[in-house]
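J.: Got a structure here, written out as structure tokens. Questions coming.
The values are calculated or read from the model by the stated rules, or taken from the named source; none is laboratory data. Since the model is a prediction, treat every value here as computed from it, not as a measurement. Note that each Cβ is placed from the backbone with ideal geometry, even for glycine, and that neighbours are counted across all protein chains shown. The area values use the complete protein model at the heavy-atom level, side chains included, leaving out ligands, DNA and RNA. Shrake-Rupley method; radii C 1.70, N 1.55, O 1.52, S 1.80 Å.
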Amino acid sequence: MSLLDSPALAYTSATNPWFSWQYVQDNSAGLLAALREHASLTAEAVVLAAIVAIPLAVLGHWYHRLTGPILAFSGVLYTIPSLALFAVLAPYVGIGRGTVLIGLVLYALLMIIRNTLAGLNQVPADVREAAQGMGYSRLRGLVRIELPLALPGVITGLRLATVSTVALTTVGVLVGHGGLGQLISAGFHANYRAEITSATVTAVLLALVLDLVLASIGRLLTPWLRRRSG
């Protein structure tokens, strides 16, 4: 059953607060279900976007004439209104979770590509030359030298894409898979403020937690930056 099909709580205008612990307690199962869907969609979208975006960034780094078209194309995708994108995708993939996921992946590409490119471009030229002098092939140098040094940029792109995706996932309510957006929409239509606020605060907390997790992973993967700052 859709979250929108759940019966609305009875209330009067005098008892319609912006936040209610009673609402959270009585609807904890619905909140957790919406949170799980929201987090799942976000994680899947960012992982799939990274799988596509990082190779595209590497391609743009290796062949500079492709950098402009890759950034321009991903930028155009990012500017397409979500409603229009869903309308274009629906005849081919139907209306459902897959439609939302494809849209989120397309929106996340630009931030990951741009920041990965920035990280790769900041790798010192003498480091690349040293790797070539040691007999590293282009691919081996990328995997062993350039990508590890570009990790701060990659992590920044993932963090930005994740926070943005948490916000954009709510738009999935248009096709019935918006996670916490389902509750926000239901609260809006029922004029129940506590439902809107509870779902909104949960989405913000989810974005903050995921951002902190990625920042911590970035610190673990780049110990040389910690030593430098120390």
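J.: Please indicate, with yes or no, whether at least one residue in the range 121-129 is open to solvent by 60 Å² or more (accessible area, probe 1.4 Å) and within 30 Å of Glu37 (Cβ to Cβ).
T.: Among the residues of the range 121-129, not one is open to solvent by 60 Å² or more (accessible area, probe 1.4 Å) and within 30 Å of Glu37 (Cβ to Cβ), which makes the answer no.
J.: Related question: Out of the residues in the range 13-51 that are open to solvent by 70 Å² or more (accessible area, probe 1.4 Å) and aliphatic (A, V, I, L, M), which is modelled with the lowest pLDDT?
T.: Ala14
J.: Restricting attention to the range 60-73, which residues are open to solvent by 70 Å² or more (accessible area, probe 1.4 Å) and either touching a residue at least 40 places away in the same chain (Cβ under 8 Å) or not charged (D, E, K, R) (or both)?
T.: Tyr63, His64, Pro69, Phe73
J.: Within the range 152-169, is even one residue farther than 22 Å from Ser216 by Cα, surrounded by 22 or more Cβ atoms within 10 Å (Cβ to Cβ) and touching a residue at least 40 places away in the same chain (Cβ under 8 Å)?
T.: yes
J.: Additional query: When Val105 is evaluated against the numbered criteria (1) in contact with a helix residue (DSSP H, G or I) (Cβ under 6 Å, 6 or more places away or on another chain); (2) surrounded by fewer than 17 Cβ atoms within 10 Å (Cβ to Cβ), which criterion, by number, is the only one it fails?
T.: Condition (2) is where Val105 drops out.
J.: Tally the residues that are outside any helix (DSSP H, G or I) and among the hydroxyl-bearing types (Ser, Thr, Tyr), restricting the search to the range 182-210.
T.: Count: 1.
J.: Starting from residues that are assigned to a helix (DSSP H, G or I) and of a type in the set (Gly, Ala, Ser), keep the ones in the range 76-96 and report whichever is most open to solvent (accessible area, probe 1.4 Å).
T.: Ala87
J.: Can you find, within the range 1-12, the residue that is nearest to the chain's Cα centre (by Cα) among those that are surrounded by 11 or more Cβ atoms within 10 Å (Cβ to Cβ) and either assigned to a loop (DSSP other than H, G, I, E, B) or modelled with pLDDT of 85 or more (or both)? Please lay out each step first, then the result.
T.: Narrowing the range 1-12 to residues surrounded by 11 or more Cβ atoms within 10 Å (Cβ to Cβ): 3-4, 6, 8-9, 11.
Now restrict to residues that are either assigned to a loop (DSSP other than H, G, I, E, B) or modelled with pLDDT of 85 or more (or both): 6, 8-9, 11.
Working: Ser6: 28, Ala8: 30, Leu9: 32, Tyr11: 36 Å.
Checking each candidate, the answer is Ser6.
J.: Which of the residues belonging to the range 133-146 are over 20 Å from Leu56 (Cα atoms) and surrounded by fewer than 13 Cβ atoms within 10 Å (Cβ to Cβ)?
T.: Gly133, Met134, Gly135
J.: Can you tell which of Gly172, Gly178 is under 17 Å from Glu44 (Cβ atoms), open to solvent by less than 40 Å² (accessible area, probe 1.4 Å) and not in a helix (DSSP H, G or I)?
T.: One residue alone meets the criteria, Gly178.
J.: Still on this structure, please answer the following. Can you pull out the residues in the range 50-75 that are in a helix (DSSP H, G or I) and out of contact with any helix residue (DSSP H, G or I) (no Cβ under 8 Å at 6 or more places or on another chain)?
T.: Ile51, Pro55, His64, Arg65, Gly68, Pro69, Ala72, Phe73
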